[in-house]
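K.L.:
Please read through the structure below; I'll follow up with questions.
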Amino acid sequence: MPPHEPFALIDCTLREGEQFATARFSSAQRLAIAEALDAFGVEYIELTSPAASPQSARDLALIARRGLRTRVLTHVRCHPDDARLAVECGAQGVNLLYATSETLRRASHGRAIEAILSEAEAVIGYLRRHNVEIRFSCEDTFRTDPAVLARVYAAVAAMGVRRVGLADTVGIATPRQVYATVAAVRAAVPCEIEFHGHNDAGCAVANAYCAYEAGATHLDVTVLGIGERNGIASLGGVVARLASLDPALVARYDLALLPELDRMVAAMVGVPIPFDAPISSPYAFHHKAGLHTRAVLSDPRSYEVLDPAAFGRARTVAVAHRLVGWHAVAERGRELGIALSEAAAREAAARIKALGDDHDLDGTTVDELLYEYAE
Ligand code: HCA
Ligand code: CU
């Protein structure tokens, strides 16, 4: 069973998600995404730095002053000019980051840890005077020397940040490593703890969950998981992970809005909803093999750990294929208003199997076959 610690979701579709290969949201689309996430009920949304482009600054100001329930954060370099711009645009929180791993320090900014900390002190001091939520994240946390991590997190905590972030920037961390690192940071600093995990090795959702188990208070997600390369933990994935363990963990969100949110963002970036997307895949609640359909028709929990109705979705049972079982055929008959005896359903199933061996079947063909059994 999962811990029942409070946690918040930080949806980064309007920052990390904008870094996805095919994303370029218009102002109207940014607003639509912000409002949809607000309606869903995520606690925070993170927006692209106002220093990125003039329109990004205008959109941040518009969305931050919109009066949404969700708190509006912006993600900026740890630099006084960027921090000032974030405050001027009305952001309620500022997410600072600095690369701390050897690899990124060398390839990206070339600064020593002392220099990072003195810049952080100036920027954090400025932001504290402006009463915004401050988060400081070590980019590439999981390839950073643990002694360096301990030093940086202790220092920024003492400077008064509200939250520290651990970022698996390259998607290399394993679930156990995430658990151990988050637990160590949790024991060392009194602040809130955020986890941001990329999906390069397919562990983003598992890692987010392990971070939560280890005491992370804030989990980063994006709609469909879009982001740099193949993205980060998806909102649907993290919600599904938690809901499957205990629906109460996500009861505060308007879950039925999730499939439409996924559809909207997929259309905006021009990709289909992935076939393996939790909850909103067209096949997420589709059952096919005879053994499965028999059990799921008698007790949905046999093959469903999520209740489709909780997400505004419906279970589907496939009958137009050669793996069909007679229980599913009988159920399809009932849907059509045809009462099939067991013998008739078995016979119909045998015919469907033989036809399915020969060619692809469609639902109409199977329905027509079932009508032959109508009294
Ligand atoms: C980036 C890197 C980042 C930052 C995450 C964070 C990452 O694209 O700027 O600020 O916690 O994955 O490290 O997305
Ligand atoms: Cu990232």
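K.L.:
Of ALA36, VAL185, TYR212, which is farthest on the positive side of the dipole of the chain, counting Cα position, with +1 on Lys and Arg Cβ, -1 on Asp and Glu Cβ, and the Cα centre as origin?
P.N.:
VAL185
K.L.:
Here's another thing I want to ask about it. Determine the percent antiparallel among the DSSP beta bridges restricted to the chain, to the nearest 5.
P.N.:
Numbers: 1 of 38 bridges.
So the antiparallel bridges in the chain amount to around 5 percent.
K.L.:
Something else now. Counting other Cβ atoms within 10 Å, which trypsin sites (Lys or Arg not before Pro) in region 293-342 have at most 10 and lie in a DSSP loop?
P.N.:
For trypsin sites (Lys or Arg not before Pro) across region 293-342 that sit outside H, G, I, E and B with at most 10 neighbouring Cβ atoms in 10 Å, the list is empty.
K.L.:
Right, here's the next one. Where the centre of each part is set by its Cα atoms, how far does region 27-65 sit from region 252-310, in angstrom?
P.N.:
28
K.L.:
For helix 235-245, report the angle its Cα long axis makes with the longest principal axis of the Cα atoms of the chain; keep it between 0 and 90° and round to the nearest 10°.
P.N.:
Taking the Cα atoms of the chain, the angle to 235-245 is about 70 degrees.
K.L.:
A further question follows. Test of the criteria: in region 1-79, which trypsin sites (Lys or Arg not before Pro) are in a DSSP loop and have at most 14 other Cβ atoms within 10 angstrom of their Cβ?
P.N.:
Those that pass, being in a loop and sparsely packed, are ARG24, ARG65, ARG66, ARG69.
K.L.:
Also, I was wondering about something else. Let's see if you can work this out: charge +1 on each Lys and Arg Cβ, -1 on each Asp and Glu Cβ, no other charges. What is the dipole magnitude of the chain about its Cα centre, in debye to the nearest 20?
P.N.:
Result for the chain is approximately 980 debye, rounded to the nearest 20.
K.L.:
Could you give the angle, 0 to 90 degrees to the nearest 10, between helix 146-158's Cα long axis and the longest principal axis of the Cα atoms of the chain?
P.N.:
70
K.L.:
Treating the angle as unsigned and between 0 and 90°, give the value, to the nearest 10°, between the Cα long axis of helix 342-358 and the longest Cα principal axis of the chain.
P.N.:
For 342-358 against the chain, the angle is about 70 degrees.
K.L.:
If you don't mind, another one. Using +1 on the beta carbon of Lys and Arg, -1 on that of Asp and Glu, and nothing else charged, what's the dipole of region 195-314 about the Cα centre, debye to 20?
P.N.:
280
K.L.:
State to the nearest 20 debye the size of the charge dipole of region 286-371 about its Cα centre, where the only charges are +1 on K and R beta carbons and -1 on D and E beta carbons.
P.N.:
240
K.L.:
OK, next. What fraction, in whole percent, of alpha-carbon pairs in region 286-371 exceed 22 Å separation?
P.N.:
It works out to 24 percent of all Cα pairs.
Every number in this text was worked out from the coordinates using simple rules, so none of it is lab data. On a predicted model such as this, the values are computed, not experimentally measured, just so you know. As a convention, Cβ positions derive from the backbone with ideal geometry for all residues, glycine included, and neighbour counts pool all protein chains shown.
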